[in-house]
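See below for the structure under consideration.
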Amino acid sequence: MDLYEYQGKQLFAKFGIPVSEGRVATTPEEARAAAEALGGPVVVKAQVLTGGRGKAGGVKLADDPDDAEQKARDIIGLDIRGHVVKTLWIERASDIAKEYYLSVTFDRGAKKPLFMFTTQGGVEIEEVAANDPDALVRLHVDPLEGFQPWIARSLVYGAGVTDPDEQKQIASIVEKLYRCFIESDAMLTEINPLIVTPDGEVKALDSKFTVDDSALYRHPDIAEFRDTSAADPLEALAREKGVTYVKLDGFVGILGNGAGLAMSTVDVVVTVGGKPANFCDLGGGGGAEGVVKALEVITADSQVKSILFNIFGGITRTDVVAQGILEALAQMRIDTPIVVRLDGTNAEEGRRILSESGKPNLFVEPTMLDAAKRAVELAR
Ligand code: GDP
Ligand code: MN
C-alpha cells in the first residue's frame, strides 16, 4: 500500500524524523485557512500517489493566504499522469541550501534492507544511478544484526558530507528511518529531497512510503490511511469481500483458480477477439463461498456480458469445484451466460456434474481455447 506524502510524513514525525508543520486541505478556502494558521510563506503540494509532482506543476510556493488559495485553485483537479488531485498538503515553506536523497528499500535479491544515500538529491534517483553511480552510496543491513551505528557513519562519509553538525543530524535521521522502515513493515521509505536549510537544519521535505499489504493487519493505524474514494468502486467492493480482483474495460468476466491461470485466461480471451472485463483469482479451494463472493463482484459490473470460469485442478479436485459452482448458482440468480472450462484432477466427473445440472445458461468446454471462443460468442 502506497501512502500519500502527508501520511508518510506523519509516520516520519512519529519516529522523530524532522518534517515541516502542515495541514491537509481539499478546497482553496481550506488552503487559505491552512496558510493563515501556519503563518508566513507556505508550499502547496498535490497529494497523489505518483512522483515528479514538482515538474508537473503540483508543488507551488505561496507567499501569503491569498496566494495559497490561488495556487490551490490551480492545483486541485490537475491531472498528474492519470492521478487527479483532490487533496493538498499545505506546509510551512523551507529555505533550501542543499538537497540530499536518503532511502531504505527491501532488496529482495539480497534478502536485506538496502540504504541508499547521495548528496545529489532533488532529482530522480535513477538519474543519479545512471549518470554518476559513484555519488550513490548503497549499503545493506543484515536483518539479524539489525541497525549498527557504523552504518550511518559509512553512509554519511561515503557520500562526502563533511560538516560535523550535518553529519550528526543525518546519522540520527538514518537510524530513525531504519526503525520507521522496520517497525512499519515498509517496503520503501524514501526522503527526496532531504534538505539542509541555510541555518544548517536537516529535514525531510518529501516522503515516499510503501507498506507491505500482508502486514497491514498489525498496523490498523496505517491501514486506515487507505483512500477508498481513490479506488474503483468495484475494486473497493472486491477488497471488502476479500476477492482478488482487477477491473478491466471489456465484456467477458473472468475467473481462474490461481493468478497465473487467470492471467492466461485474460490473454486467451484477447486472442480469440474478446475483451476481458476483469481479472479475478479464485485461489486454491474453489468452495461455494469463494465462488459466490467472486460472482457477486463480477456481476456487479454492468459491462459483463458473459462469464468464463477457467479451472485447472492440480491439488484441487475439479469435481469439488463443480459442486462449489452449482452451490453458488443455487444461492444467487445469474442470467448472464457462464462458460466453464474444467481440466485436471477428476475433470470428467466435474464436467458431468455441470452438464447434468440442467442450467440453461451454463456451458461446459474441455479446452481453454474453446471455452474462450464460446464465452466471446455468447457475449455478442
Ligand atoms: P516531487 O516532485 O513529487 O518529488 O515533490 P517534492 O515534495 O520533492 O517537491 C518538489 C520540489 O519542490 C523539491 O525538490 C523542492 O525543490 C521544491 N520544494 C518543495 N517544498 C519546498 C519548500 O518548502 N521550499 C522550497 N524553496 N522549495 C520546495
Ligand atoms: Mn520528491
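A short reminder: the numbers here are calculations on the coordinates, not readings from a lab. Bear in mind that the values here come from a model prediction, so they are computed numbers and not experimental data. Glycine also receives a Cβ, built like all others from the backbone with ideal geometry; neighbour counts cover every protein chain displayed.
Anisotropy class assigned to the range 108-240 is prolate, per the alpha carbon gyration tensor with a/c at or over the 1.5 cut-off and a/b larger than b/c.
With the simple spin-label model, which puts each label point 7 Å out from Cα in the Cβ direction, the I96 to I315 separation comes to 5.1 nm.
Rounded to the nearest 500, the 222 nm mean residue ellipticity of the chain from helices alone is -11500 deg cm²/dmol, with -39,500 (n - 2.57) taken per DSSP H run of at least 4 residues.
The Cβ shell under 15 Å around L329 holds other residues with a net charge of -2, Lys and Arg each +1, Asp and Glu each -1. Relative contact order of the chain: 12 percent, from C-alpha pairs under 8 Å at least 6 residues apart in sequence. Label positions at L114 and D335, each projected 7 Å from the Cα along the C-beta direction, are separated by 5.5 nm. If you filter the range 168-245 for trypsin sites (Lys or Arg not before Pro), then keep DSSP loop positions with at most 13 other Cβ within 10 Å, what is left? Here no loop site has a sparse enough neighbourhood.
In plain terms, the chain from V24 to S355 could stretch by 113.4 nm, reckoned as 0.36 nm per residue minus the Cα-Cα distance. Taking a straight line from the alpha carbon of K111, these lysines sit under 28 Å away, with near neighbours fewer than eight places off in the same chain left out: K9, K14, K176, K208. Cross-link partners for K305 among the lysines, with Cα-Cα distance under 26 Å and sequence neighbours closer than 8 places in the same chain left out: K241, K247, K275, K293, K359, K373.
Between helix 149-158 and the chain there is an angle of about 70 degrees, using the helix long axis and the longest principal axis of the Cα atoms.
Computed from the Cβ-Cβ distance with R0 of 22 Å, the FRET efficiency linking D163 to E183 stands at 0.15. Anisotropy class assigned to the chain is prolate, per the alpha carbon gyration tensor with a/c at or over the 1.5 cut-off and a/b larger than b/c.
When DSSP assigns beta bridges and you keep just the ones with both residues in the chain, what percent turn out antiparallel, to the nearest 5? Just about 70 percent of them are antiparallel. For D221 and T271, a Förster radius of 35 Å and the Cβ-Cβ distance give a FRET efficiency of 0.15, rounded to the nearest 0.05. Projecting label points 7 angstrom from Cα along Cα→Cβ for S172 and A13 puts them 1.8 nm apart.
Within the range 268-380, DSSP assigns beta bridges of which about 0% are antiparallel (rounded to the nearest 5). Taking a ≥ b ≥ c as the square roots of the eigenvalues of the Cα gyration tensor, an a/c ratio of 1.5 or more together with a/b larger than b/c marks the range 35-133 as prolate.
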